[in-house]
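Asks: Quick one: structure below, then a few questions.
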Amino acid sequence: MPKHILVVGSINLDLVAQATRIPQAGETVHGETFQTFFGGKGANQAVAAARLGGRVAMIDKVGSDEFGARLKQGLRKAGVRVASVEKAPGHSGVALITTDKHAHNSIVVVPGANGALLPEDLDHHRAMIESSAILLAQLEIPLATVEHLAVLAGRYQVPLMLDPAPARAVGRKTMRAVTWLTPNETESTTLLRETEMGDDIESTANRLLSMGCRNVILKLGSRGVYLSGHDSQARFIKGFQVKAHDTTAAGDAFNGAFAVVLTQGKSPAECARFACAAAALSVTRVGAQPSLPTREETEEFLRRAGRR
Ligand code: ATP
Ligand code: RIB
(Lines give C-alpha, C1' and ligand atoms only; values in the text may rest on other atoms or scores of the structure.)
(Ligands and ions follow the chains in the order given, each with its own letter.)
Protein backbone atom coordinates (compact mmCIF):
# COMPACT_ATOMS: atom_id res chain seq x y z
CA MET A 1 0.00 0.00 0.00
CA PRO A 2 1.53 3.38 -0.98
CA LYS A 3 2.03 5.95 1.78
CA HIS A 4 -0.61 8.66 1.93
CA ILE A 5 -0.48 12.33 1.04
CA LEU A 6 -1.50 14.19 4.19
CA VAL A 7 -3.13 17.62 3.93
CA VAL A 8 -3.19 19.76 7.05
CA GLY A 9 -5.33 22.70 6.04
CA SER A 10 -8.60 24.50 5.70
CA ILE A 11 -12.07 23.28 4.76
CA ASN A 12 -14.51 25.99 3.66
CA LEU A 13 -17.90 26.43 2.14
CA ASP A 14 -17.52 28.89 -0.75
CA LEU A 15 -20.42 31.32 -1.27
CA VAL A 16 -19.90 32.58 -4.79
CA ALA A 17 -21.56 35.56 -6.48
CA GLN A 18 -20.79 36.14 -10.12
CA ALA A 19 -21.06 39.79 -11.17
CA THR A 20 -20.07 41.78 -14.24
CA ARG A 21 -17.34 43.32 -12.12
CA ILE A 22 -15.92 43.13 -8.62
CA PRO A 23 -17.20 46.05 -6.47
CA GLN A 24 -14.82 48.66 -5.09
CA ALA A 25 -14.90 49.71 -1.42
CA GLY A 26 -18.26 51.34 -0.61
CA GLU A 27 -19.84 50.20 -3.88
CA THR A 28 -22.74 47.81 -4.55
CA VAL A 29 -22.96 45.98 -7.86
CA HIS A 30 -25.64 43.71 -9.22
CA GLY A 31 -24.83 40.00 -9.06
CA GLU A 32 -25.86 37.58 -11.83
CA THR A 33 -25.59 34.15 -10.23
CA PHE A 34 -25.11 32.73 -6.76
CA GLN A 35 -23.75 29.24 -6.04
CA THR A 36 -22.19 27.36 -3.15
CA PHE A 37 -19.22 25.06 -3.62
CA PHE A 38 -17.02 22.94 -1.40
CA GLY A 39 -13.74 24.82 -1.05
CA GLY A 40 -10.92 25.79 1.28
CA LYS A 41 -7.32 25.60 0.19
CA GLY A 42 -6.59 22.47 2.21
CA ALA A 43 -9.71 20.61 1.09
CA ASN A 44 -9.20 21.68 -2.52
CA GLN A 45 -5.64 20.35 -2.54
CA ALA A 46 -6.80 17.11 -0.92
CA VAL A 47 -9.59 16.61 -3.47
CA ALA A 48 -7.28 17.57 -6.35
CA ALA A 49 -4.83 14.87 -5.29
CA ALA A 50 -7.54 12.25 -4.66
CA ARG A 51 -9.19 12.86 -8.03
CA LEU A 52 -5.82 12.37 -9.70
CA GLY A 53 -5.38 8.97 -8.09
CA GLY A 54 -3.57 9.86 -4.84
CA ARG A 55 -4.19 8.15 -1.51
CA VAL A 56 -5.10 11.18 0.58
CA ALA A 57 -5.95 11.97 4.21
CA MET A 58 -6.76 15.26 5.88
CA ILE A 59 -6.41 16.83 9.32
CA ASP A 60 -8.61 19.84 10.16
CA LYS A 61 -11.84 20.85 11.90
CA VAL A 62 -15.31 21.66 10.62
CA GLY A 63 -17.96 23.58 12.56
CA SER A 64 -20.93 22.31 14.55
CA ASP A 65 -23.21 24.21 12.14
CA GLU A 66 -25.24 22.76 9.28
CA PHE A 67 -22.27 23.05 6.88
CA GLY A 68 -19.84 20.96 8.93
CA ALA A 69 -21.28 17.52 8.23
CA ARG A 70 -21.86 18.39 4.55
CA LEU A 71 -18.27 19.52 4.09
CA LYS A 72 -16.91 16.36 5.67
CA GLN A 73 -19.22 14.17 3.61
CA GLY A 74 -18.14 15.99 0.44
CA LEU A 75 -14.50 15.16 1.17
CA ARG A 76 -15.33 11.54 1.94
CA LYS A 77 -17.22 11.22 -1.34
CA ALA A 78 -14.22 12.64 -3.20
CA GLY A 79 -12.10 9.82 -1.76
CA VAL A 80 -10.32 11.73 1.01
CA ARG A 81 -9.86 9.98 4.38
CA VAL A 82 -11.55 12.18 6.96
CA ALA A 83 -11.11 10.21 10.20
CA SER A 84 -8.95 13.07 11.48
CA VAL A 85 -11.39 15.83 10.55
CA GLU A 86 -13.03 16.74 13.85
CA LYS A 87 -15.97 18.90 14.83
CA ALA A 88 -15.37 22.21 16.66
CA PRO A 89 -18.07 24.34 18.30
CA GLY A 90 -19.15 27.32 16.16
CA HIS A 91 -19.33 27.87 12.42
CA SER A 92 -17.41 26.13 9.67
CA GLY A 93 -14.89 28.00 7.53
CA VAL A 94 -16.55 30.09 4.84
CA ALA A 95 -15.24 32.04 1.87
CA LEU A 96 -17.26 34.89 0.36
CA ILE A 97 -16.16 35.03 -3.25
CA THR A 98 -17.02 37.44 -6.04
CA THR A 99 -16.02 36.50 -9.58
CA ASP A 100 -16.23 38.62 -12.71
CA LYS A 101 -16.52 37.88 -16.42
CA HIS A 102 -12.73 38.12 -16.85
CA ALA A 103 -12.25 35.15 -14.47
CA HIS A 104 -10.90 37.42 -11.73
CA ASN A 105 -12.01 36.94 -8.17
CA SER A 106 -11.90 38.57 -4.76
CA ILE A 107 -12.21 36.47 -1.62
CA VAL A 108 -12.95 37.07 2.07
CA VAL A 109 -12.15 33.98 4.14
CA VAL A 110 -13.59 33.61 7.64
CA PRO A 111 -11.67 30.72 9.24
CA GLY A 112 -14.31 29.58 11.76
CA ALA A 113 -13.49 25.99 12.77
CA ASN A 114 -10.22 26.06 10.76
CA GLY A 115 -8.98 28.52 13.38
CA ALA A 116 -9.53 25.89 16.08
CA LEU A 117 -6.91 23.50 14.64
CA LEU A 118 -4.16 24.01 17.22
CA PRO A 119 -0.57 22.72 17.42
CA GLU A 120 -1.51 20.20 20.13
CA ASP A 121 -4.11 18.67 17.78
CA LEU A 122 -1.25 17.62 15.51
CA ASP A 123 0.38 15.76 18.39
CA HIS A 124 -2.63 13.42 18.49
CA HIS A 125 -1.88 12.50 14.88
CA ARG A 126 1.90 12.10 15.07
CA ALA A 127 1.86 8.52 13.77
CA MET A 128 -0.14 9.61 10.73
CA ILE A 129 2.21 12.53 10.07
CA GLU A 130 5.29 10.34 10.45
CA SER A 131 3.99 7.72 8.01
CA SER A 132 3.06 10.19 5.24
CA ALA A 133 4.74 10.39 1.84
CA ILE A 134 4.37 14.18 1.81
CA LEU A 135 2.64 16.86 3.90
CA LEU A 136 0.67 19.68 2.26
CA ALA A 137 -0.11 22.88 4.18
CA GLN A 138 -1.40 26.36 3.45
CA LEU A 139 -2.00 29.43 5.64
CA GLU A 140 -5.75 29.30 6.30
CA ILE A 141 -5.19 27.57 9.66
CA PRO A 142 -3.33 29.20 12.59
CA LEU A 143 0.29 29.99 11.76
CA ALA A 144 1.38 28.32 15.03
CA THR A 145 -0.12 25.05 13.77
CA VAL A 146 1.76 25.29 10.47
CA GLU A 147 4.94 26.07 12.41
CA HIS A 148 4.42 22.99 14.56
CA LEU A 149 3.76 20.87 11.47
CA ALA A 150 7.09 22.12 10.09
CA VAL A 151 8.83 20.99 13.28
CA LEU A 152 7.24 17.52 12.98
CA ALA A 153 8.08 17.33 9.27
CA GLY A 154 11.72 18.04 10.12
CA ARG A 155 11.75 15.57 13.00
CA TYR A 156 10.23 12.73 10.96
CA GLN A 157 12.00 13.68 7.71
CA VAL A 158 8.74 13.92 5.75
CA PRO A 159 8.78 16.39 2.81
CA LEU A 160 6.59 19.45 3.42
CA MET A 161 4.94 21.40 0.59
CA LEU A 162 3.87 24.84 1.83
CA ASP A 163 1.48 27.01 -0.13
CA PRO A 164 1.97 30.35 1.67
CA ALA A 165 -1.57 31.47 0.87
CA PRO A 166 -3.32 33.69 1.79
CA ALA A 167 -0.20 35.85 1.87
CA ARG A 168 1.48 36.06 5.28
CA ALA A 169 5.05 36.34 6.48
CA VAL A 170 6.61 33.03 7.54
CA GLY A 171 9.62 32.72 9.85
CA ARG A 172 12.96 31.31 8.76
CA LYS A 173 12.76 28.33 11.11
CA THR A 174 9.61 27.17 9.31
CA MET A 175 11.04 28.01 5.90
CA ARG A 176 14.03 25.75 6.61
CA ALA A 177 11.65 22.78 7.02
CA VAL A 178 9.93 23.40 3.68
CA THR A 179 10.84 21.12 0.78
CA TRP A 180 8.52 22.75 -1.78
CA LEU A 181 7.42 26.38 -1.37
CA THR A 182 4.69 27.36 -3.86
CA PRO A 183 3.92 31.10 -3.68
CA ASN A 184 2.22 33.21 -6.31
CA GLU A 185 3.51 36.71 -7.00
CA THR A 186 1.68 38.45 -4.10
CA GLU A 187 2.73 35.77 -1.66
CA SER A 188 6.37 35.99 -2.79
CA THR A 189 6.32 39.73 -2.14
CA THR A 190 4.88 39.24 1.35
CA LEU A 191 7.37 36.50 2.24
CA LEU A 192 10.24 38.70 1.11
CA ARG A 193 8.68 41.69 2.94
CA GLU A 194 8.89 43.72 -0.26
CA THR A 195 6.35 46.12 -1.73
CA GLU A 196 6.15 44.52 -5.15
CA MET A 197 7.66 41.62 -7.05
CA GLY A 198 10.36 42.72 -9.47
CA ASP A 199 10.49 41.50 -13.07
CA ASP A 200 13.47 39.30 -12.37
CA ILE A 201 11.84 36.00 -11.52
CA GLU A 202 15.12 34.17 -11.11
CA SER A 203 16.26 36.69 -8.50
CA THR A 204 12.91 36.41 -6.63
CA ALA A 205 13.28 32.64 -6.55
CA ASN A 206 16.88 32.91 -5.31
CA ARG A 207 15.90 35.30 -2.53
CA LEU A 208 13.12 32.93 -1.44
CA LEU A 209 15.58 30.03 -1.49
CA SER A 210 17.97 32.05 0.64
CA MET A 211 15.24 32.10 3.34
CA GLY A 212 15.97 28.40 3.75
CA CYS A 213 13.40 26.37 1.79
CA ARG A 214 14.78 23.53 -0.34
CA ASN A 215 12.88 24.29 -3.58
CA VAL A 216 10.62 27.04 -4.78
CA ILE A 217 7.88 26.86 -7.40
CA LEU A 218 6.78 30.39 -8.30
CA LYS A 219 3.22 30.33 -9.63
CA LEU A 220 2.85 32.81 -12.46
CA GLY A 221 -0.81 32.51 -13.47
CA SER A 222 -1.41 31.71 -17.13
CA ARG A 223 2.37 31.92 -17.77
CA GLY A 224 2.94 28.74 -15.76
CA VAL A 225 5.57 28.31 -13.07
CA TYR A 226 9.26 28.86 -12.38
CA LEU A 227 10.93 25.95 -10.64
CA SER A 228 14.21 26.29 -8.79
CA GLY A 229 16.16 24.74 -5.91
CA HIS A 230 18.15 21.73 -4.79
CA ASP A 231 16.14 19.01 -6.53
CA SER A 232 15.85 20.46 -10.02
CA GLN A 233 17.58 22.62 -12.55
CA ALA A 234 16.12 26.15 -12.50
CA ARG A 235 13.58 26.46 -15.34
CA PHE A 236 10.25 27.84 -16.51
CA ILE A 237 7.42 25.40 -17.15
CA LYS A 238 5.00 27.06 -19.54
CA GLY A 239 1.30 27.26 -18.74
CA PHE A 240 -1.24 25.81 -21.18
CA GLN A 241 -3.45 28.09 -23.25
CA VAL A 242 -7.09 27.69 -22.30
CA LYS A 243 -10.17 29.85 -22.06
CA ALA A 244 -10.34 30.78 -18.37
CA HIS A 245 -13.77 31.02 -16.72
CA ASP A 246 -12.88 30.94 -13.03
CA THR A 247 -9.37 30.74 -11.60
CA THR A 248 -10.53 29.90 -8.04
CA ALA A 249 -8.49 26.88 -6.85
CA ALA A 250 -6.06 26.90 -9.80
CA GLY A 251 -3.20 27.07 -7.33
CA ASP A 252 -4.75 24.24 -5.31
CA ALA A 253 -5.17 22.08 -8.41
CA PHE A 254 -1.48 22.67 -9.09
CA ASN A 255 -0.32 21.67 -5.58
CA GLY A 256 -2.51 18.57 -5.34
CA ALA A 257 -1.42 17.39 -8.79
CA PHE A 258 2.27 18.07 -8.15
CA ALA A 259 2.16 16.06 -4.92
CA VAL A 260 0.50 13.03 -6.53
CA VAL A 261 2.97 12.61 -9.35
CA LEU A 262 5.95 13.47 -7.16
CA THR A 263 5.05 10.63 -4.80
CA GLN A 264 4.82 8.39 -7.88
CA GLY A 265 8.48 9.07 -8.65
CA LYS A 266 8.32 11.63 -11.47
CA SER A 267 10.95 14.37 -11.77
CA PRO A 268 10.06 17.85 -10.45
CA ALA A 269 9.89 19.23 -14.01
CA GLU A 270 7.52 16.44 -15.11
CA CYS A 271 5.43 17.03 -11.99
CA ALA A 272 5.23 20.75 -12.72
CA ARG A 273 4.09 20.15 -16.31
CA PHE A 274 1.43 17.68 -15.17
CA ALA A 275 0.33 20.11 -12.45
CA CYS A 276 0.12 23.02 -14.93
CA ALA A 277 -2.17 20.84 -17.07
CA ALA A 278 -4.45 19.99 -14.13
CA ALA A 279 -4.53 23.67 -13.09
CA ALA A 280 -5.27 24.83 -16.65
CA LEU A 281 -8.21 22.41 -16.83
CA SER A 282 -9.48 23.73 -13.49
CA VAL A 283 -9.67 27.33 -14.73
CA THR A 284 -11.94 26.31 -17.60
CA ARG A 285 -14.62 25.34 -15.05
CA VAL A 286 -16.53 27.23 -12.41
CA GLY A 287 -16.17 26.67 -8.64
CA ALA A 288 -13.41 25.30 -6.45
CA GLN A 289 -13.79 21.52 -6.05
CA PRO A 290 -16.13 20.91 -9.01
CA SER A 291 -13.41 22.36 -11.25
CA LEU A 292 -10.71 19.84 -10.25
CA PRO A 293 -9.95 17.33 -13.02
CA THR A 294 -9.56 13.55 -12.91
CA ARG A 295 -6.41 11.67 -13.92
CA GLU A 296 -7.96 10.58 -17.23
CA GLU A 297 -8.99 14.15 -18.10
CA THR A 298 -5.54 15.48 -17.29
CA GLU A 299 -3.70 12.79 -19.24
CA GLU A 300 -6.01 13.26 -22.24
CA PHE A 301 -5.42 17.04 -22.07
CA LEU A 302 -1.64 16.47 -22.05
CA ARG A 303 -1.90 14.06 -25.01
CA ARG A 304 -3.85 16.62 -27.02
CA ALA A 305 -1.45 19.42 -26.04
CA GLY A 306 1.47 17.21 -27.17
CA ARG A 307 -0.11 16.81 -30.61
CA ARG A 308 -0.47 20.57 -31.18
P1 ATP B 1 -5.42 30.76 -7.08
O2 ATP B 1 -6.22 31.46 -8.15
O3 ATP B 1 -5.91 29.39 -6.79
O4 ATP B 1 -5.18 31.57 -5.85
P5 ATP B 1 -2.58 31.06 -7.38
O6 ATP B 1 -2.60 32.55 -7.34
O7 ATP B 1 -2.06 30.31 -6.20
O8 ATP B 1 -4.01 30.50 -7.77
P9 ATP B 1 -1.77 31.00 -10.13
O10 ATP B 1 -0.39 31.25 -10.55
O11 ATP B 1 -2.80 32.00 -10.46
O12 ATP B 1 -1.72 30.58 -8.60
O13 ATP B 1 -2.27 29.63 -10.78
C14 ATP B 1 -1.63 28.40 -10.51
C15 ATP B 1 -1.34 27.68 -11.81
O16 ATP B 1 -2.57 27.50 -12.50
C17 ATP B 1 -0.46 28.44 -12.76
O18 ATP B 1 0.91 28.22 -12.48
C19 ATP B 1 -0.89 27.87 -14.10
O20 ATP B 1 -0.23 26.65 -14.33
C21 ATP B 1 -2.38 27.61 -13.89
N22 ATP B 1 -3.19 28.73 -14.38
C23 ATP B 1 -3.67 29.78 -13.66
N24 ATP B 1 -4.37 30.63 -14.44
C25 ATP B 1 -4.35 30.10 -15.68
C26 ATP B 1 -4.87 30.51 -16.96
N27 ATP B 1 -5.59 31.63 -17.10
N28 ATP B 1 -4.64 29.72 -18.03
C29 ATP B 1 -3.92 28.57 -17.91
N30 ATP B 1 -3.38 28.14 -16.74
C31 ATP B 1 -3.60 28.88 -15.65
O1 RIB C 1 -7.76 28.64 -3.19
C2 RIB C 1 -9.14 28.77 -3.37
C3 RIB C 1 -9.83 28.75 -2.04
O4 RIB C 1 -9.47 29.88 -1.29
C5 RIB C 1 -11.35 28.80 -2.13
O6 RIB C 1 -11.94 27.54 -2.30
C7 RIB C 1 -11.76 29.49 -0.86
O8 RIB C 1 -12.32 28.63 0.09
C9 RIB C 1 -10.47 30.14 -0.33
O10 RIB C 1 -10.07 29.52 0.81
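The values are calculated or read from the model by the stated rules, or taken from the named source; none is laboratory data. Quantities reported herein were computed from a predicted structural model and do not represent experimental measurements. Positions of Cβ are generated from backbone atoms using ideal geometry, with glycine treated the same way; all protein chains shown enter the neighbour counts.
Asks: Failed condition for Ser282, given (1) within 16 Å of ligand 2 (Cβ to nearest atom); (2) exposed (fewer than 15 other Cβ atoms within 10 Å of the Cβ), with all others met?
Replies: Among (1) within 16 Å of ligand 2 (Cβ to nearest atom); (2) exposed (fewer than 15 other Cβ atoms within 10 Å of the Cβ), Ser282 violates only (2).
Asks: Out of Ala46, Ala50, I need the residue that is under 13 Å from Ala137 (Cβ atoms) and of a type in the set (A, V, I, L, M). Which one?
Replies: Residue meeting the stated conditions: Ala46.
Asks: Check the range 52-71 and report whether any residue there is within 13 Å of ligand 2 (Cβ to nearest atom), surrounded by fewer than 23 Cβ atoms within 10 Å (Cβ to Cβ) and within 18 Å of the chain's Cα centre (by Cα).
Replies: No, because not a single residue in the range 52-71 is within 13 Å of ligand 2 (Cβ to nearest atom), surrounded by fewer than 23 Cβ atoms within 10 Å (Cβ to Cβ) and within 18 Å of the chain's Cα centre (by Cα).
Asks: Moving to a separate point now. Do you know which residues across the range 192-229 are touching a residue at least 24 places away in the same chain (Cβ under 8 Å), touching a strand residue (DSSP E or B) at 6+ places or on another chain (Cβ under 8 Å), within 13 Å of ligand 1 (Cβ to nearest atom) and not in a strand (DSSP E or B)?
Replies: Answer for the range 192-229, where residues must be touching a residue at least 24 places away in the same chain (Cβ under 8 Å), touching a strand residue (DSSP E or B) at 6+ places or on another chain (Cβ under 8 Å), within 13 Å of ligand 1 (Cβ to nearest atom) and not in a strand (DSSP E or B): Ile201, Leu220.
Asks: Would you point out the residue of the range 205-224, among those that are under 19 Å from Pro159 (Cβ atoms) and within 16 Å of ligand 2 (Cβ to nearest atom), that is surrounded by the most Cβ atoms within 10 Å (Cβ to Cβ)?
Replies: Selected residue: Ile217.
Asks: Okay, moving on. Output the number of residues of the range 230-264 satisfying the condition of being more than 16 Å from ligand 2 (Cβ to nearest atom) and either polar (S, T, N, Q) or touching a strand residue (DSSP E or B) at 6+ places or on another chain (Cβ under 9 Å) (or both).
Replies: 16
Asks: Quick one: in the range 160-169, which of the residues that are free of Cβ contacts under 8 Å to residues at least 40 places away in the same chain and surrounded by 20 or more Cβ atoms within 10 Å (Cβ to Cβ) is nearest to ligand 2 (Cβ to nearest atom)?
Replies: Pro164
Asks: Applying the selection to the range 237-291, what residues are touching a Leu at 6+ places or on another chain (Cβ under 8 Å), within 6 Å of ligand 1 (Cβ to nearest atom) and among the aliphatic types (A, V, I, L, M)?
Replies: Matches in the range 237-291: Val242, Ala249.
Asks: While we're on this one: Determine, yes or no, whether Thr28 is within 16 Å of ligand 2 (Cβ to nearest atom), surrounded by fewer than 24 Cβ atoms within 10 Å (Cβ to Cβ) and either modelled with pLDDT of 95 or more or within 30 Å of His102 (Cβ to Cβ) (or both).
Replies: It is false that Thr28 is within 16 Å of ligand 2 (Cβ to nearest atom), surrounded by fewer than 24 Cβ atoms within 10 Å (Cβ to Cβ) and either modelled with pLDDT of 95 or more or within 30 Å of His102 (Cβ to Cβ) (or both).
Asks: Please work out if Gly115 is in a helix (DSSP H, G or I) and either aliphatic (A, V, I, L, M) or closer than 26 Å to Leu262 by Cα (or both).
Replies: No; evaluated as a whole, the condition is false for this residue.
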